[in-house]
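Asker: Here it is: the structure, laid out below.
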Amino acid sequence: MEWETVIGLEIHAQLATRSKIFSGSATAYGAAPNTQANLVDLGYPGVLPVLNGEAVKMAVRFGLATGAKIARRSVFARKNYFYPDLPKGYQISQYERPVVEDGSLEILLEDGTRKIVGITRAHLEEDAGKSLHEDFHGLSGIDLNRAGTPLLEIVSEPDLRSAKEAVAYMKKIHTLVRYLEICDGNMQEGSFRCDANVSVRPKGQEELGTRAEIKNLNSFRFVERAINYEVERQIELIEGGGKVVQETRLYDPDRGETRSMRSKEEANDYRYFPDPDLLPLAIGEELIEAVRATLPELPDEKAARFGRDHGLSAYDAGVLTSSRELAGYYESVVKGLGGQAKLAANWVMGELSGALNKDGLDVTASRVSAAALAGLLARIADDTISGKIAKEVFEAMWSEGRSANEIIEAKGLKQITDTSAIERAIDEVMAKNPQQLTDYRAGKDKLFGFFVGQVMKATQGKANPAQLNELLKRKLGG
Amino acid sequence: MHSLTVAELAAGLRARRFSSLELTLHLLGRIERLAPQLNAFITVTADRALDDARRADERLAKGEGGPLTGVPIAHKDIFCTDGIRTTCASRMLSNFVAPYDATVVERWRAAGTVLLGKTNMDEFAMGSSNETSHYGPVRNPWDPARVPGGSSGGSAAAVAACLAPAASGTDTGGSIRQPAALTNLTGIKPTYGRVSRYGMIAFASSLDQGGVLTRSAEDAALLLGAMAGFDPRDSTSVDAPVPDYVAELATPLAGLRVGVIREFFDKGLEPGVGKLVHEAIEALRASGATVREVSLPALPLSVPTYYVVAPAECSSNLSRFDGVRFGHRCESPRDLKDLYERSRGEGFGDEVKRRIMTGTYVLSAGYYDAYYLKAQKVRQLIAADFARAFGEVDVVIGPTAPTPAFGLGAKTSDPITMYLNDIYTIGANLAGLPAISIPCGFVSEAGRDLPVGLQLVGPHFSESRLLSVSHQYQQLTDWHRRVPPGFE
């Protein structure tokens, strides 16, 4: 039987506010345990939550960027359950009336097709603390620094049909929240993580299969692997005559498998009800318009502009707009170069990205600035150096930090464009390789490359390639 | 000195007829002598009181300070007090020293008051007789065999017995007004949002409101003024200016439109109580008020509505008492579940457990709509009834409680009978309205004079009017000046 996979993601994006969602404690990562938890975060008797307006603005930013409805009135609810890292015995979240509803996002798939993914809702909530089970010899430690950190939970429609689509969607959200500067996107620190709802059904069947929820996936790779594992597990189970049960599962990255955490029957009854300590969240037109006015150019708009104005392919535009910083770098190079967008795009996606990856650097920490790269590319454009030499120059720039011109000058890498000099080199090469010359003239066209290589070698790669090609063709032809 | 009102004490302090230290020592002496038989205090803060008094005297000597500088007060033990044990009358918090002051505590302190101690109460404010306290029941100064009402029973007994001139209270379903009625005090529950709930240990967040128990309406005006006002730490506190309650006490009764609540004069009302309430209404009419009957048809539903909403909120509010970070923790827990079960099982009393269970039930999947949601709808109806009445009258009036003080243990075996004691007070909490109880006479039972309370409820933020009507009534009567025998 042919099966169809149905996936919905719940992404938790930690909002980049300075203080917590209901208290004045700092949200910075990595502080000593319990040093960023005040009486409100500790759930002390008598204390009350006060909503952080910045978190609301960030939720509105997200809503506007995904074309969603911003609820003029949304409600904070209490999700009740006992756990030591949940100090109040309830989490303040939004349940029946979230702040953002009915948005959507377009993803670009590997085969070039585009797909709209629905965003059911996005709601504000507080994070819990952390239980630390190591180092306490049979006991657990509780760190409440994270308790009360603002989260935006972004819930997609079950529109995703493969692990790859799920990853593309998650990456797109990741890009978007960083563009909007509402989340730092740091997945190692847990600032951006997701739960995946996965089910399968026979192709063509309308009704959804029973789903399993895979919790706390904190890398794109894990999302892909966990979903693929889970899909296979479910299909095997059904084809073997079994039934998928609705349950929460955990992905074990070491073993590459998911395993049951708790079934629907064991699930908590969270007894949601509106939090009487907080008034309904009212959002007026004024706030919405003020937030709208501060929205940056969004990745899709930017990519469209790169296609329209720079003539870039959809794929290139997509890669270059994957982060606001990378796009900014690319645009600075184009600006410095005064055009030549394709050249700039190839270099930013090629040499620059390669060097950044190798050194594990973000584009904002690049050893070669956009202006410096533009300086290098300008030398390609004006035929001072060839593209191949440019790669050598770039490497030197990356390690030495000098400008392209300095390196070209110091290393004598300037391209030879003097026709007679190139001709001299060709003559020498032809004289040294009579057999190859005879073979070429007898019809072995492939040897043309051999002669190009020899001349380049003789000129230390500095011969202008276009000129060389033309001259060599003429000379070899006799 | 001890039977003087706050206003009289303030005048005496300003005129240097006595110092705050003398006054404080005198009251501490009375507390030492008389409080134990009433069990009115959980913690007496004598050292703190003497420090506060000395500081107040220094300010008074320099001609500084306000009207409350040097005036001793007591706080219900539900308000967090920095460095002082705050128990909520529960074993759960018997070891809890709050690391901060509640806003109410902070404001009264800033006004120069002297803290005598923390008063007994029903555990977590759940009760109408002050019999659910982990520290034992409080006794009514008018008859020690009877209850003082609850949950602010310790505050009521302390003020009625002239151990403190005024005390704070909280009122979720009548917990200020009912004990005020049963002990011959003036007790005001302000509009929801008028007084900050920050630092007031939550019972039912949408109903809880801090207020004050005093021996006159004028005192209530003085102390409420020093307590009320916007607090950015409480999202439900209302950002509206606080009127000068004292200045507005002079507003005459003439022209006041009074609505007598038909539903309050039902078969549950003891005839002797009803008679006194009618006499009080006649006195208001005689002074120029117009009186008419109003009907609030949804009001009889207030008790069942309350006993869904309040337990629901309490079941969630009390989840933080889990033995993990503060409060009672059981001995050597085997695992997490054992820690929770035994810490909470040992820490909470029966009434608290009953309400947590009720609340957990009404919020459960499958029952939420039938109970919690339905109760919220009825709550809207009750609020609408009041709003309609206030289209026609300025205040509505009726008894505070159906009976005078009842005997200790008389109602503890049947929670429903106990709950019905709040039948007249709960409506104001459900609608978030300000309400006041003032003394309106005595009934005699078994040779004892037992006080009866008159309740006035007004529109949102009409505290000034409630206080001025009460003050004007207290100019016509002297019920409020009577002190229980043995405590003169």
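Where a number appears in this text, it was derived from the coordinates with a stated rule and is not lab data. No experiment lies behind these values; they were computed from the predicted model shown. Every residue, glycine as well, gets a Cβ built from its backbone with ideal geometry; the counts of neighbours run over all protein chains shown.
Asker: Once the Cα gyration tensor of chain B is diagonalised, what are the square roots of 5 times its eigenvalues, in whole Å and ordered largest first, as equivalent ellipsoid semi-axes? Kindly include the intermediate steps, with their values, before the conclusion.
Answerer: Details: eigenvalues 186, 170, 87 Å².
Calculated on Cα positions only, the semi-axes equal 30, 29, 21 Å.
Asker: Right, something else. Ignoring everything except DSSP H segments at least 4 long, calculate the 222 nm mean residue ellipticity for chain A; use -39,500 (n - 2.57) per segment, divide by total residues, nearest 500. Provide the component values of the computation, followed by the final result.
Answerer: Numbers: 16 runs with 186 residues, N = 478.
Dividing the helical sum by the residues of chain A leaves -12000 deg cm²/dmol.
Asker: So which lysines can A:Lys69 reach, going by Cα to Cα under 20 Å and dropping same-chain residues fewer than 8 places off?
Answerer: A:Lys57, A:Lys172
Asker: Remind me, relative contact order of segment A:3-290 in percent, using alpha carbon pairs under 8 angstrom and six or more residues apart? It would help to have the intermediate numbers written out before the result.
Answerer: Values: 642 pairs, mean separation 71.4, N = 288.
Rounded, it is 25 percent for segment A:3-290.
Asker: Per-residue mean of other chain beta-carbon atoms within 10 angstrom of the beta-carbon, peptide B:316-327? Walk me through the numbers before you get to the answer.
Answerer: On the way: counts 11, 7, 2, 10, 10, 3, 8, 1, 10, 8, 4, 1.
Shielding by partners across B:316-327 averages 6.
Asker: With N denoting the number of residues in the protein assembly as shown, provide Rg(C-alpha) divided by 2.2 N^0.38 Å, to two decimal places. Numbers along the way, then the final one.
Answerer: Numbers: Rg = 38.4 Å, N = 966, 2.2 N^0.38 = 30.0 Å.
In units of the 2.2 N^0.38 Å rule of thumb, it is 1.28.
Asker: Hey, what did segment B:1-65 get for relative contact order, percent, Cα under 8 Å, at least 6 apart?
Answerer: Working: 27 pairs, mean separation 24.6, N = 65.
Dividing the mean separation by the residue count of segment B:1-65 yields 38 percent.
Asker: Kindly provide the pair-distance distribution of segment B:301-400 built from C-alpha pairs, with 5 Å bins from 0 and whole-percent values in order of increasing distance.
Answerer: 2, 12, 16, 16, 13, 12, 10, 8, 5, 3, 2, 1, 0
Asker: How many angstrom lie between the Cα centre of segment B:62-95 and the Cα centre of segment B:252-311?
Answerer: Answer, in whole Å: 34.
Asker: Another one. Taking each residue of B:194-207 in turn, how many C-beta atoms of other protein chains fall within 10 Å of its C-beta, and what is the average?
Answerer: Average per residue, whole number: 3.
Asker: Give the percent of DSSP beta bridges with both residues in the protein assembly as shown that are antiparallel, rounded to the nearest 5.
Answerer: Values: 89 of 108 bridges.
Beta bridges within the protein assembly as shown, antiparallel portion: roughly 80 percent.
Asker: I'd like the antiparallel share, as a percent to the nearest 5, of DSSP beta bridges with both residues in chain B.
Answerer: So the antiparallel bridges amount to about 70 percent of the total.
Asker: Now for a separate question. Search the structure for amide H atoms under 5 Å from the amide H of B:Val212, placed 1.01 Å from N in the peptide plane, and list their residues when 5 or more places away or on another chain.
Answerer: Distant-sequence amide H within range of B:Val212: B:Gly169, B:Ile188.
Asker: Where both partners of a DSSP beta bridge lie in segment A:3-290, what percent of those bridges are antiparallel, to the nearest 5? Before the final figure, lay out each step's value.
Answerer: Details: 57 of 61 bridges.
Counting only bridges with both partners in segment A:3-290, antiparallel ones make up about 95 percent.
Asker: Determine the relative contact order of segment A:152-217: mean sequence separation of Cα pairs under 8 Å and six or more apart, normalised by residue count, in whole percent.
Answerer: Values: 49 pairs, mean separation 13.1, N = 66.
It rounds to 20 percent for segment A:152-217.
Asker: Follow-up. What's the FRET efficiency of A:Ala290 with A:Arg441 using the Cβ-Cβ distance as r and R₀ = 56 Å, to the nearest 0.05? Don't jump to the answer; show the numbers that get you there.
Answerer: On the way: r = 76 Å, r/R0 = 1.36.
Once rounded, the FRET efficiency stands at 0.15.
Asker: Now for a different question. For segment B:135-162 and segment B:318-359, compute the distance between their C-alpha centroids and round to whole Å.
Answerer: Here the two parts' Cα centres lie 28 Å apart.
Asker: Per-residue mean of other chain beta-carbon atoms within 10 angstrom of the beta-carbon, peptide A:271-281? Don't skip to the answer; put the middle values down first.
Answerer: Working: counts 13, 4, 12, 3, 5, 12, 9, 3, 3, 0, 0.
Across A:271-281, the average partner-chain Cβ count within 10 Å equals 6.
Asker: Can I ask one more? Starting from segment A:1-59, pick out the trypsin sites (Lys or Arg not before Pro) whose DSSP state is loop and whose Cβ has at most 13 other Cβ atoms within 10 Å.
Answerer: Numbers: sites: A:Arg18, A:Lys20, A:Lys57; in loops: A:Arg18, A:Lys20.
Passing sites in segment A:1-59 are A:Arg18.
Asker: Shifting gears a bit: Enumerate the lysines that A:Lys411 could reach by cross-link, defined here as Cα to Cα under 26 Å, with residues fewer than 8 away along the same chain left out.
Answerer: Correct list for A:Lys411: A:Lys358, A:Lys388, A:Lys391, A:Lys457, A:Lys462.
Asker: Turning to a different aspect of this structure: Do any GluC sites (Glu not before Pro) in segment A:48-139 lie in a loop, going by DSSP, with at most 14 other beta-carbon atoms within 10 Å of their beta carbon, and if so which?
Answerer: Numbers: sites: A:Glu54, A:Glu96, A:Glu101, A:Glu106, A:Glu110, A:Glu125, A:Glu126, A:Glu134; in loops: A:Glu96, A:Glu110, A:Glu134.
Passing sites in segment A:48-139 are A:Glu96, A:Glu110, A:Glu134.
Asker: Here are some pairs, B:Lys337/B:Lys411; A:Lys130/A:Lys215; B:Lys374/B:Lys411; which of them have Cα atoms lying more than 23 Å apart in this structure?
Answerer: Values: B:Lys337/B:Lys411 34 Å; A:Lys130/A:Lys215 16 Å; B:Lys374/B:Lys411 28 Å.
Result: B:Lys337/B:Lys411; B:Lys374/B:Lys411 exceed 23 Å.
Asker: I'd like to compare A:430-436, B:275-281: which one has the highest average count of other Cβ atoms within 10 Å, and what's the full order after that?
Answerer: Packing order, densest peptide first, comes out as B:275-281, A:430-436.
Asker: I need the peptides B:147-153, B:52-58 ranked by packing, meaning the mean over residues of other C-beta atoms within 10 angstrom, with the highest value on top. If you can, show how the numbers build up before the last one.
Answerer: Numbers: B:147-153: 35.1, B:52-58: 20.6.
So the order, starting with the most tightly packed, is B:147-153, B:52-58.
Asker: When the helix-only estimate is applied to chain B (DSSP H runs of n ≥ 4, each -39,500 (n - 2.57), divided by the residue count), what is the mean residue ellipticity at 222 nm, nearest 500 deg cm²/dmol?
Answerer: Numbers: 15 runs with 176 residues, N = 488.
So the helix-based figure for chain B works out to -11000 deg cm²/dmol.
Asker: Filter the GluC sites (Glu not before Pro) in segment B:307-403 down to the DSSP loop ones having no more than 14 other Cβ atoms within 10 Å, then list what survives. Walk me through the intermediate numbers first.
Answerer: Working: sites: B:Glu313, B:Glu331, B:Glu341, B:Glu346, B:Glu351, B:Glu392; in loops: B:Glu331, B:Glu392.
Those satisfying the criteria are B:Glu331, B:Glu392.
Asker: List the lysines whose alpha-carbon lies under 21 Å from that of A:Lys203, not counting same-chain residues fewer than 8 positions away?
Answerer: Cross-link targets: A:Lys115, A:Lys164, A:Lys243.
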